[in-house]
2 protein chains.
Amino acid sequence: MRTLARDIAKHIDQSVTIQGWIHKKRLLGGLNFINIRDRSGLVQVLVEDKTEVEKLRGLQIGTVVAITGKVYKDDRSPGGAEIHEPTVEVLVPVTDEPPIEIDKPISHKSEHLETLFDNRPIGLRNLNEQALFKTKDLVCQLVREYFRENEFTEIHTPKLLAEATEGGAETFTLDYFGKQATLAQSAQFYKQMMVGVFERVFEIGSTYRAEPSATTRHMSEFLTIDAELGFVDFDQLQNILGDLLLYVVNESWEKNEDTFKKWNVNKAKLPESSKDIPRITIDEIHDMYFKDTKIDYRSEADTRPEEERWICDWAKKNKGSEAVFVTGWSAKDKTFKFYHKADPTNPDIALRADLLFRGVEITTLSMREHEYPKLVAQLKKMGGDPSQPGYAAYLSAFKYGMPPHGGFGLGLERLVEKLFNLNNVKEATLFPRDINRLAP
Amino acid sequence: MRTLARDIAKHIDQSVTIQGWIHKKRLLGGLNFINIRDRSGLVQVLVEDKTEVEKLRGLQIGTVVAITGKVYKDDRSPGGAEIHEPTVEVLVPVTDEPPIEIDKPISHKSEHLETLFDNRPIGLRNLNEQALFKTKDLVCQLVREYFRENEFTEIHTPKLLAEATEGGAETFTLDYFGKQATLAQSAQFYKQMMVGVFERVFEIGSTYRAEPSATTRHMSEFLTIDAELGFVDFDQLQNILGDLLLYVVNESWEKNEDTFKKWNVNKAKLPESSKDIPRITIDEIHDMYFKDTKIDYRSEADTRPEEERWICDWAKKNKGSEAVFVTGWSAKDKTFKFYHKADPTNPDIALRADLLFRGVEITTLSMREHEYPKLVAQLKKMGGDPSQPGYAAYLSAFKYGMPPHGGFGLGLERLVEKLFNLNNVKEATLFPRDINRLAP
């Protein structure tokens, strides 16, 4: 019977067998301490017997062992107990020194990231790295909990598409049995169609962008938390996204505070109610930024990265919120897509909000044009051809009845990046993909 | 305030407002009954007033409405109540008749499937179709519950890969910034590498196969439930997969019996313990089939589809199990991949089992070769080059210590297909993809 590392304190004075990897070795004269890692954590083993010490000679971190020994209470040890008088069985010897040290925090300095990613399968054995990705898994669980609680159905939409109907040059294309296919840049059309079915849907799915530049913010493959819901207005949509952010931040801290502390990050400041997350127009941000810095972006249609950082700092200090909804997007320029909805009371403005969190945009949210004749007109006006096969099914959903609806797409890795205050979205990705990296 | 369809019986004799789609219309002389569909179900509305009837004239199924009226108890109605004396507000009119009738079961006969898939966005509004895909969502939830209960960590592995390291011609390739990339045919290498990190991992992820034939069993994009775990032996691995199947079958029936009954399907017969799922070798199946039918496949290395159906029927009758593990796979022919493990006590035989369920294979499970020198030798023997970049990270995981481990990949859509006794895996896919279909 195997005992897990976290359970050994339940077996004080008993003999147990543990199985795992040698995670750390310390030789102190005649005393050998080794730490064994299994899926539940670490356990410390004191090896004194010469025969047993001999078995370990020349073996490196990563060696897989089974250890049978007696459990002693020891408050200095991980788990409050350690194993003495062990019999060591080497299951898989490792004789080469690993390319990356896994028993201390691994550098995430930008100049070390390529090494980190090149050695991912080994570096992830570090407990801090594990904790980061367990938290990412937790975030996915919390997102699912939130959506189910609010009666969303989880869907799976195809990532192989007939054409890049949403436009955009940054698509990957491939040969599909003699036809051309593209990889999905978003689940946009599919999640909207599914509003006609389930009313409220979400997906955590892969998204592909042939992003031709190497930045800290872009990857060519990443996960998007997509949501779309019917019978909703612009305010309610912001509340729902705000509630999701509050739920994820609060619950992940509730359940994983130790991990965040290990990573030296603070809990994001957010108001108690999503209704109190500031909703500020682009023009207002330009004005506020100009007043504070005398730098004038007031003629620009979008916010600048430095303004995004500034407004989040401002909101943190003045509104107790590191999140800000940026509204007031033009319905007359190229940021307005054909499926977006203009404000009926002010047709120059889109019913769109970007959610900034800790200085960067993590989501775009918008109401969609749900009336078939208007949608077709907007598509044509922007140069689209409604008779193109890629639009047929999408438009049919509207022809046969779509309610007022809206939704958002939230980058999972970017959200995790901000929860941990990382500097690069790839640090929150097991095996990142960008213009320079397709392996491991 | 909007009331959902399922809640109206809580408001007998009160006035409520519901919002949804007209799902059905019946005109009985002066009496008009309409059924309104929202995310929670149906509610029946009796429209008598001439002005209100007039508002509905010419409007088709799919029209989006808000209806305010008084709730009357009525046991014949869905939900035990209906709405009388309504005021109708047409939110979005639909004036064309939908291309597919959604208020009665939609034909799944093979000759009607293309029509079904062509009209997916509308056909899915049918309540039986919705129930099927809600059950698929439930299956995903149950799979996650099972794995979490057993301390698996959910991972997300890349689908854009540097090369088709697993071999196989049926890969999609694409241009990746001037290099060639392929779409993942499996998560095999990644989930194995992650065993070195989390010990137990799973993923529900997209899988791509450039399958050049149109069959009822193959798609070019589908979802795989992948699992991989360390410190496990061949028997335990079969127990774990068997337990997963038992959990999914039992719990989905517990929670969704109504849906299965609507689809006229029976609960799959399975033993109480996964240990009692029969484990039969290929040779034994050939022998049993020969004795029963006098048809002789005893010289063949694999089972035939008719044998797979036969052995599942046999096990159902004789062992109370519609699932069978097929063992006794050769370690000497091309079914043996370089990462498979041969039985140390009988090196001609692979530690591999296929799980048959209701007559078809739904999973292949195997122990993996975990010792670095043997793995490299097997790779070379099968013509692979360990120095190829695509193998580097994978092999490094073994060089720096991998425990005995194994895993399986289970097609989600195929599992749902068998739970519903469907004839075609595409019926269990929202937007199926095959050689002839890339839209909608």
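This table checks each residue for (1) farther than 23 Å from B:E272 by Cα; (2) assigned by TED's automatic domain parsing to the domain that holds B:G406; (3) modelled with pLDDT under 95.
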site	(1), (2), (3)
B:W310	no, yes, no
B:A315	no, yes, no
B:A323	no, yes, no
B:D333	yes, yes, yes
B:Y339	yes, yes, no
B:D343	yes, yes, no
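On the given criteria, is A:A214 over 30 Å from B:N119 (Cβ atoms), within 11 Å of chain B (Cβ to nearest Cβ), of a type in the set (G, A, S) and part of a loop (DSSP other than H, G, I, E, B)? Answer is yes for this residue.
Scanning segment A:277-293 for residues that are of a type outside the set (V, I, T) and farther than 24 Å from A:L245 by Cβ returns A:D283, A:H286, A:D287, A:F290, A:K291, A:D292. Against the definition (aliphatic (A, V, I, L, M), part of a loop (DSSP other than H, G, I, E, B) and farther than 28 Å from A:E369 by Cβ), how does B:I100 come out, yes or no? Spelling it out, it is not the case that B:I100 is aliphatic (A, V, I, L, M), part of a loop (DSSP other than H, G, I, E, B) and farther than 28 Å from A:E369 by Cβ. Does A:L237 satisfy the condition of being more than 10 Å from chain B (Cβ to nearest Cβ), under 29 Å from B:K134 (Cβ atoms) and either at pLDDT 95 or above or open to solvent by 10 Å² or more (accessible area, probe 1.4 Å) (or both)? Spelling it out, A:L237 is indeed more than 10 Å from chain B (Cβ to nearest Cβ), under 29 Å from B:K134 (Cβ atoms) and either at pLDDT 95 or above or open to solvent by 10 Å² or more (accessible area, probe 1.4 Å) (or both).
Of the residues making up segment B:19-33, those that are among the aliphatic types (A, V, I, L, M) and modelled with pLDDT under 95 are B:L27, B:L28, B:L31.
Scanning segment A:140-152 for residues being at the interface with chain B (Cβ under 7 Å from one of its Cβ atoms) and either touching a Lys or Arg at 6+ places or on another chain (Cβ under 6 Å) or crowded, with 21+ Cβ neighbours inside 10 Å (or both) gives a total of 1.
Pick from segment B:278-295 the residues that are more than 24 Å from B:F336 (Cα to Cα) and not in a helix (DSSP H, G or I): which of them is most open to solvent (accessible area, probe 1.4 Å)? Per the criteria, the residue is B:K294. Keeping to segment A:181-192, report how many residues are within 9 Å of another protein chain (Cβ to nearest Cβ) and assigned to a strand (DSSP E or B). So the answer is 2. Of a type in the set (A, V, I, L, M, F, W, C), buried (at least 21 other Cβ atoms within 10 Å of the Cβ), within 11 Å of chain B (Cβ to nearest Cβ) and in contact with a strand residue (DSSP E or B) (Cβ under 8 Å, 6 or more places away or on another chain): is that true of A:V88 in this structure? Here the answer is no, as A:V88 does not meet what is asked.
Note on segment B:31-41: residues that are more than 18 Å from B:T87 (Cβ to Cβ) and either among the polar types (S, T, N, Q) or away from every other protein chain (no Cβ under 14 Å) (or both) amount to 1.
Those residues that are within 29 Å of B:I277 (Cα to Cα) and within 11 Å of chain A (Cβ to nearest Cβ), I need them from segment B:217-234; list them, please.
First, the residues of segment B:217-234 that are within 29 Å of B:I277 (Cα to Cα): B:217-219, B:222-234.
Across segment B:217-234, the qualifying residues are B:M219, B:F222, B:L223, B:L229, B:G230, B:F231, B:V232.
Within segment A:193-211, the only residue that satisfies the criterion of being facing another protein chain (nearest Cβ under 8 Å), part of a loop (DSSP other than H, G, I, E, B) and surrounded by fewer than 23 Cβ atoms within 10 Å (Cβ to Cβ) is A:A210.
When restricted to residues that are hydroxyl-bearing (S, T, Y) and surrounded by fewer than 11 Cβ atoms within 10 Å (Cβ to Cβ), segment A:339-354 contains 1.
When residues in segment A:92-101 are screened for being within 9 Å of chain B (Cβ to nearest Cβ) and crowded, with 17+ Cβ neighbours inside 10 Å, 4 of them pass.
All conditions in (1) within 14 Å of chain B (Cβ to nearest Cβ); (2) in contact (Cβ under 8 Å) with a residue 24 or more places away in the chain; (3) open to solvent by less than 40 Å² (accessible area, probe 1.4 Å); (4) not aromatic (F, W, Y) hold for A:Q44, with the sole exception of (1). If only residues of segment B:115-151 that are of a type in the set (D, E) and touching a residue at least 40 places away in the same chain (Cβ under 8 Å) are counted, the one that is farthest from B:V197 (Cα to Cα) is B:D118.
Residues in segment A:221-245 that are under 28 Å from A:F431 (Cα atoms) and in contact with a Pro (Cβ under 9 Å, 6 or more places away or on another chain): A:E221, A:F222. Residues that are within 13 Å of chain B (Cβ to nearest Cβ), surrounded by fewer than 17 Cβ atoms within 10 Å (Cβ to Cβ) and not aliphatic (A, V, I, L, M) do not occur anywhere in segment A:63-75. In segment A:111-133, the count of residues that are part of a loop (DSSP other than H, G, I, E, B), in contact with a helix residue (DSSP H, G or I) (Cβ under 9 Å, 6 or more places away or on another chain) and away from every other protein chain (no Cβ under 12 Å) is zero.
Would segment A:259-269 turn up any residue that is on the phi > 0 side of the Ramachandran plot, polar (S, T, N, Q) and not in a helix (DSSP H, G or I)? Checking segment A:259-269: at least one residue is on the phi > 0 side of the Ramachandran plot, polar (S, T, N, Q) and not in a helix (DSSP H, G or I). Determine if segment B:174-184 includes at least one residue that is surrounded by 18 or more Cβ atoms within 10 Å (Cβ to Cβ), at negative phi and touching a Pro at 6+ places or on another chain (Cβ under 8 Å). Yes, segment B:174-184 contains at least one residue that is surrounded by 18 or more Cβ atoms within 10 Å (Cβ to Cβ), at negative phi and touching a Pro at 6+ places or on another chain (Cβ under 8 Å).
Residues that are over 28 Å from B:Y372 (Cβ atoms) and either within 9 Å of chain A (Cβ to nearest Cβ) or in contact with a helix residue (DSSP H, G or I) (Cβ under 7 Å, 6 or more places away or on another chain) (or both) within segment B:389-425 comprise B:L412, B:E413, B:R414, B:L415, B:V416, B:E417, B:L419, B:F420, B:L422, B:N423, B:N424, B:V425, listed in sequence order.
The set of residues from segment B:10-41 being crowded, with 19+ Cβ neighbours inside 10 Å and among the aliphatic types (A, V, I, L, M) comprises B:V16, B:I18, B:I22, B:I34, B:I36.
For segment A:326-337, a tally of residues being aromatic (F, W, Y) and buried (at least 21 other Cβ atoms within 10 Å of the Cβ) returns 1.
Does at least one position in segment A:244-262 carry a residue that is more than 21 Å from the chain's Cα centre (by Cα) and at pLDDT 95 or above? Working first, answer last.
Narrowing segment A:244-262 to residues more than 21 Å from the chain's Cα centre (by Cα): none.
No, segment A:244-262 contains no residue that is more than 21 Å from the chain's Cα centre (by Cα) and at pLDDT 95 or above.
The values are calculated or read from the model by the stated rules, or taken from the named source; none is laboratory data. In this text the structure is predicted, and so the values were computed from the model without any measurement. Neighbour counts run over all protein chains shown; Cβ positions are idealised from the backbone, glycine included. Heads up: the accessible areas ignore ligands, DNA and RNA and are worked out on the full protein's heavy atoms, side chains in. Shrake-Rupley method; radii C 1.70, N 1.55, O 1.52, S 1.80 Å.
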